[in-house]
Amino acid sequence: MTAPSGPGAPDRRRAALVVLCFVQFMLVLDDTVVNVALHSIQSDLGFSTGNLTWVANAYFLAFGGLLLLCGRLADLVGRRRIFLWGVTLFGVASLLCGVAQEPWLLVTGRFAQGAGAAMASPAALALITLLFPGREERAKALSIWGAIAGLGGTTGVVISGALTGLASWRWIFLINLPVVAVTLVLLPRLVGESRTDRPARLDVPGAVLGTGAIVSLVYGLLQTDTSGWTELAVLGPVLLAVVLGIAFVAVEARTAEPLIPLSFLSVRIRAVSNGAGLLFTAAFFSLSFLLMLHLQTVLGYGPLEAGVGYLPYGAGILTGVWCSSWVVVRFGLRWTLVLAFLIGAGGLLLLSGVSADDGYVTGVLPGMLVVSFGSGLGFPALAIAGVHGTDEENAGLGSAVLNSVQQIGGAVGLAVLVTVATRRSEELTGSVGPLRAATEGFSHTLTIAAGLLALGAVLIAVLLAGDSAARPGTDRKEASREPA
């Protein structure tokens, strides 16, 4: 697929970008939209406490586990086709969730939503990458995409609180239907089909092993909600993921048409940015959870009040995103990412200094604004680096790897960092009281997260030194010459 040309082409590309971004907003929103509504869902449908976590986990598992397979399918079968199939499945699943009368129906719907998201998300990013091939226009388009995705992740709790409090939890799913309907009508008129021109077949062994490894890893990490790290429920799936991952690498090295060519992974800017992206998403996903918990537990906010208190985070993200494309073009990807990681680390350290007696304006808000600006600056730059040099052959694959990194990083952050915060709070509750203990757990974990971002900044600065693709003003065609 080439970018539309002729009269009205710029308007068509902008319209397509708007549609694709709003779909991404919807998909990311459903990562967190159920969190505030879980109590109401449990009361209405009779979920047990143990099974209730699957309302959230089913989506994470299907979304994160199927991304690589669906991204490669988009390259082979057609990106627009897979995108529309994914959006359709997501819409049908959202309707099923919204009308569910039994726990198993809701969990089934959430699995199906995750599968639809895994089809639509990498295909959407691949379409944006191909619609905007120039360096500056791609940076701007991906900055907008990153802003919308970031807002989806941070406003889920706001929207969930408002809809659950003012109407019903069912509307957190039914609200997706108008977006799905508009997308299915408009997108085929705005974007042509695209797929790889080279005859290829799906690497079935690689798809089974790769998908199995990711599903096992995400499943094991999700079990840390109820089990310790040394228990079989966690350790078994994680070890299985390691075994499957090793087998996947061995198979890919010998397959004529691998799911992920090793040459694709060897491109330095993509490898470094995706590796550092794991640290970035782990820190920010855990922050979102811990910050909402702090607002409700320590400051005593209700769900809707906490959601409103979270809105400045979205404003900070938008400000960072607004600056991101300019900074990338002016200073290059390497220094943009270093700056974003360091600003994020500084904001986390500022937040870690909050005491149990500090209020929202003087305690939480300053650090929240700094952190959110770093997030807004960093996520678009990570997206640009993650799909750097991709083309008609592998745009879907590059988008799928990027999305997989974000899902796995988020799962790792929630599993590891939130567990650290919880255990720290439990250790101190008896000696300092619950509010101060909760604040100490919050501060301790944010300090660790800040260290992870500082480590990421160092790795990027060192490993991308001398890489022409990370320099300012380097055209993508000159900067990337890896094999297809």
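Computed from the coordinates by the stated procedures, all read-outs in this text should not be read as laboratory data. The shown structure was predicted, so the numbers you read here are calculated from the model rather than taken from an experiment. No Cβ is skipped: glycine too gets one built from the backbone with ideal geometry, and neighbour counts run over all protein chains shown.
For q = 0.14, 0.20, 0.22 Å⁻¹, what log10 I(q)/I(0) does the stretch 405-444 give under the Debye formula with an equal point scatterer on each alpha carbon and no solvent? Here the Debye-derived log intensity ratios amount to -0.34, -0.55, -0.61. Approximating the spin labels as points 7 Å out from Cα along Cα→Cβ, the LEU455-to-LEU265 distance works out to 2.0 nm. With viscosity 1.306 mPa s and temperature 10 °C, the Kirkwood radius over alpha carbon pairs of the stretch 262-475 converts through Stokes-Einstein to a diffusion coefficient of 90 µm²/s. Computed from Cα atoms alone, the Kirkwood hydrodynamic radius reported for the chain is 22.5 Å.
Provide the FRET efficiency to the nearest 0.05 for the VAL208-GLN101 pair, computing r from the beta carbons and using R0 = 35 Å.
Values: r = 35 Å, r/R0 = 1.00.
Efficiency, from the Cβ-Cβ distance: 0.50.
With the simple model of a label 7 Å out from the Cα in the direction of the Cβ, ALA167 to ARG201 spans 4.8 nm. For VAL185 and VAL432, the difference between the fully extended length at 0.36 nm per residue and the C-alpha to C-alpha distance is 83.1 nm. Diagonalising the gyration tensor over the Cα atoms of the stretch 302-374 and scaling each eigenvalue by 5 before taking the square root yields semi-axes of 27, 15, 7 Å, largest first.
Dividing the mean sequence gap of close Cα pairs (under 8 Å, 6+ apart) by how many residues the chain holds gives a relative contact order of 22 percent. Residues whose amide H falls under 5 Å from that of LEU464, counting only those 5 or more places apart or on a different chain, are absent, with hydrogens built in the peptide plane. In plain terms, the residue of ASP75, ASP31 with the fewest other Cβ atoms within 10 Å comes first and the most crowded comes last, giving ASP31, ASP75. Sorting CYS97, CYS70, CYS21 by the number of Cβ atoms found within 10 Å of their own Cβ, with the fewest placed first, yields CYS21, CYS97, CYS70.
Longest exposed-loop-site-free stretch of the chain, with GluC sites (Glu not before Pro), DSSP loop and at most 14 other Cβ within 10 Å? Don't skip to the answer; put the middle values down first.
Working: sites that count: GLU193, GLU231.
Excluding the exposed sites themselves, the longest stretch runs over 232-484.
A convex hull fitted around the alpha carbon atoms of the stretch 1-135 yields 113 Å³ per residue. The calculated pair-distance distribution of the stretch 206-254 uses every alpha carbon pair, bins of 5 angstrom beginning at 0, and gives 5, 28, 26, 17, 12, 8, 3, 1 percent.
Can you sort VAL185, VAL243, VAL412 so the residue with the fewest Cβ neighbours within 10 Å comes first? Could you put the intermediate results ahead of the total?
Details: VAL185 10, VAL243 13, VAL412 20.
Lowest count first: VAL185, VAL243, VAL412.
Helices in the chain, meaning DSSP H runs of at least 4 residues, each add -39500 (n - 2.57). Divided by all residues, the mean residue ellipticity at 222 nm is -26500 deg cm²/dmol.
Applying 1/(1 + (r/R0)^6) with r as the Cβ-Cβ distance of ALA253 and THR362 and R0 = 56 angstrom yields a FRET efficiency of 0.50. Using the Cβ atoms and a cut-off under 14 Å, what net charge is assigned to the surroundings of LEU290, where Lys and Arg are +1 and Asp and Glu are -1? Local net charge: +1. Modelled label positions at ARG14 and ALA233, each set 7 Å beyond Cα in the direction of Cβ, lie 5.2 nm from each other. Each semi-axis of the equivalent ellipsoid for the stretch 224-368 is √(5λ) with λ an eigenvalue of the Cα gyration tensor; in descending order they amount to 36, 25, 12 Å.
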